[in-house]
Amino acid sequence: MVGYILLIISAVLVNNFVLARFLGICPFLGVSKKVETALGMGMAVIFVMTMASVITWVIQYYVLVPFHIEYLQTVSFILVIATLVQFVEMVIQKTSPALYQALGIYLPLITTNCAVLGVALLNMQYMYSFMEAAVFGFGSSVGFTFAIVLFAGMRERIELARIPRSLRGVPIALITAGILSLAFMGFRGLVK
Amino acid sequence: MATGVIIAVIALGGLGFLASIGLSLASRFFGVKVDPRVTKVREVLPGANCGACGFAGCDAFAKAVVEGKADVAGCVVGGPSVAEKIGEILGKKAEAKERMVARVRCQGTVDKSPYRFDYYGVESCKSSLVISEGRKACTYGCEGFGDCVAACMFDAIHMGEGGVPVVDEDKCTACGKCVAACPKNIIILEPVSSRVTVRCSSHDIGKVVRRLCTIGCIACGLCAKRCPSQAITLVDNLPVWDYEKCINCGICAYVCPTKAIKDDRKEIPKAFISDACTGCGECVKVCPVKNCITGEQGKPHKINEETCIGCGLCVDVCPVKAIELKKPVSVEA
C-alpha cells in the first residue's frame, strides 16, 4: 500500500510528466488559458491515461508477449488510445457541449498527446504489475492535470499584468512554464 | 516468417475489431443526433463565435436558424453572402440589410486632449477608470488602453497614434464586441454609407469642452442649422444623426468650428458648370463655401474645384440644369 502511495507522489510531483519529463507540452500550452477548460482537459486526460494504462497492460501481457509480436507495441497502443479518445469525445459532447466546444481541436489531439503513449510505454519499460501500472497511469495523469491547472491559474493572472510588448502571449507563457519546471525540481529526492 | 505476418495481422485486426464494437456500442448510448441542416448552416457561418447574433456562438445560432427561432440574415458578421447561403440551405429568402460598421466617437489624441496623470497598473480602460474617472482630461474621451482592440476578433480595430483606436472598416463586421468592451461607450455602430458623422461623445457644454479638448464638439449647433436635409438635431449637447435623411453632403463637417464632425467620404465629388449657365446667381446663394462659386451677374459662373466640398446644393437649385456633380475625383485621405 505504501508503495502505491509513493508511486502516486512520485508520478504527481517528482517525475511530473509535463514539468520533469517534458511530455504532453502541446495541450499544456494550448488549453491553459482558462482554469475551467484546463480542468476539463485534465479530467479527460485522467480518464484516457488511466484506462490506457490498464488496457495496454492487458494487451501487452496477454496478446503481444504470448504471440511474440512485441514489435507491434506502438501501433496497438495507439489504437487503444485512439479508441479511448473517441469514446471520451462522445461522452463529453453528450454531457457537456460547452466543454466540448472549449476544448475544440485539443480533445481529439489527446490521441497524439505523447504523455498518454509515454505512460503506456513506461509501464512496460519499468515492468510494472497490473495494479502498479494502473496506479502509475492514474498518478501521472493527476500530475498532468495538476500542472496544467496550476499553469492556467498563472496565465490568468499574467493576462492582467504589465508585460513588455515583445514578451506578450506565448513567450511569457514559455518563460512561466520554464520557471514552474524549475520550481518542481525542488521535489527531487522526495521519493527515492 | 509467413506465420509471423499472419499472427500480426490477426492480432491487430482483432484489436481493431474489438475497439470498433466498443465504439459502436458507446455511440448507441452517448451518440448525439444532429439535424444535418444544422451542420450545413454551421459550415457556412464565419465561426468566430462572437455572439453578435444574440446567441451563444455559431453552433447555437445555426441550431436556432434551423428551428426557425432566428432570422436567416441574423449573422451580421457574415453579411448578405452568408444570409443567402443559409437561405439556400433552408429554402428561405433573406432580406437585405444595410452593412454597419463600428465608429470611434472620439478624436481626442494626446496632443488634443492630454492625460491628467501617469497611470501605472492593470493595462485596461476599465481599471484605469476606477482612479479619478480615468486619466483622460475629457471625461467622455478615450482612455487609450485598447479594451476594444483586445475584444475585436477580426483584427479590425487598432490603437492609433496618440491613443485613440482606428477602425478598419473593410474588416469590421459590426459584431458589437468593441461597443460592449468600451467602458466609456465611445464606440457606436453606424451604417457604412453614412460617411460624415460626429466623432465626439462629450455631453459637456461648449465652455468645458473647449478647455479639455481642441477637437471636441462644443454643441454650437451650426451643423444642425446648416444641414440641408434636417438630418441633424442637437440632443444633450451632441448632434444626433438621422441616417436615413442624411445625404452625405459634407456641409456639417465644413461648418464645424472644431472639426469634431469628420468628413470620411471615400471620394468627394466636385461640381462643374457647363456653358448653359445663365449667370442667375442662385447657386452662389446656396453654396455653403465662401468664394467657391464666382462670376458676375448675367455671365457664366465658375466653381473653384479646390474648395468645392461636393455637397450638390447648387445642382438642385440651378434653374437651367447647368451644374452637375462629377464623381471620380479621388482624394488622398
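Brief remarks on what is shown
- Helices of chain A meeting both criteria, an alpha-carbon length of 15 angstrom or more along the long axis and an average Kyte-Doolittle score not below -0.5, with helices taken as full DSSP H segments, are A:35-59, A:73-95, A:114-125, A:130-158, A:170-184.
- Between the alpha-carbon centres of the stretch B:135-156 and the stretch B:273-297 there is a gap of 45 Å.
- Evaluated at q = 0.12 Å⁻¹, a Debye calculation over the C-alpha positions of the stretch B:62-205 (equal weights, vacuum) places log10 I(q)/I(0) at -0.57.
- Shape analysis of the stretch A:49-192 yields a ratio of the Cα radius of gyration to the Kirkwood radius, Rg/Rh, of 1.05.
- Taken about its Cα centre, the protein assembly as shown carries a charge dipole of roughly 780 debye when the Cβ of each Lys and Arg holds +1 and the Cβ of each Asp and Glu holds -1.
- Amide H to amide H distances under 5 Å link B:ILE188 with B:ARG103, B:ARG105, where only residues 5 or more positions off or on other chains count and H is placed in the peptide plane.
- Average other protein chain Cβ within 10 Å of Cβ, residues B:18-25: 3
- Compactness relative to 2.2 N^0.38 Å, alpha carbon Rg of the stretch B:263-321: 1.08
- Protection-proxy order for peptides A:109-120, A:169-180, each taking the mean of Cβ atoms within 10 Å per residue, highest first: A:109-120, A:169-180
- Ranked packing of B:59-66, A:100-107, most packed first, by mean Cβ within 10 Å: B:59-66, A:100-107
- Total formal charge among the other residues, if their Cβ is under 12 angstrom from that of B:PRO288, Lys/Arg +1 and Asp/Glu -1: +4
- Computed packing ranks the peptides B:43-55, A:132-144 as A:132-144, B:43-55, most packed first, by mean other Cβ atoms within 10 Å.
- The stretch B:123-212: GluC sites (Glu not before Pro) in DSSP loop, at most 12 other beta carbons within 10 Å: B:GLU133, B:GLU161
- Values of log10 I(q)/I(0), in the order q = 0.09, 0.13, 0.19 Å⁻¹, for the stretch B:159-307 under a Debye, Cα-only, solvent-free model: -0.38, -0.72, -1.24
- Cβ crowding within 10 Å, taken as a proxy for footprinting-reagent exposure, orders A:MET1, A:MET49, A:MET90 from fewest neighbours to most as A:MET1, A:MET90, A:MET49.
- Global size of the protein assembly as shown as Cα Rg and Dmax, reported in angstrom: 33.4, 113
- Panel order for B:VAL34, B:VAL77, B:VAL9, B:VAL208, by other beta carbons found within 10 Å of each beta carbon, from fewest to most: B:VAL9, B:VAL34, B:VAL208, B:VAL77.
- Rg/Rh for the stretch B:140-186, where both radii come from Cα atoms and Rh is the Kirkwood radius: 0.92
- Per DSSP, loop chymotrypsin sites (Phe, Trp or Tyr not before Pro) in the stretch B:103-136 with at most 11 further Cβ within 10 Å: B:PHE117, B:TYR120
- Of the DSSP H helices in chain B, those that are both long (alpha-carbon extent of 18 Å or more along the helix axis) and hydrophobic (Kyte-Doolittle mean at least 1.6) are B:2-30.
- Dividing the summed -39500 (n - 2.57) terms of all DSSP H runs of n ≥ 4 by the residue count of chain A sets its mean residue ellipticity at 222 nm at -21500 deg cm²/dmol.
- FRET E, pair A:PHE67, A:CYS26, Förster distance 30 Å, beta-carbon r, rounded to 0.05: 0.35
- Placing +1 on the Cβ of every Lys and Arg and -1 on the Cβ of every Asp and Glu, with nothing else charged, gives the stretch B:224-333 a dipole about its Cα centre of roughly 140 debye.
- Rounded to two decimals, the Cα radius of gyration of chain B over 2.2 N^0.38 Å is 1.45.
- The GluC sites (Glu not before Pro) found in the stretch B:208-291 that occupy coil by DSSP, while having at most 13 further C-beta atoms within 10 Å, are B:GLU244.
- Inter-centroid distance (Cα atoms) of the stretch A:150-192 relative to the stretch B:15-29, Å: 40
Computed from the coordinates by the stated procedures, all read-outs in this text should not be read as laboratory data. Here the structure is a predicted model, which is why all the values come from computation and not from measurement. Every residue, glycine among them, receives a Cβ derived from its backbone with ideal geometry; neighbour counts consider all protein chains shown.
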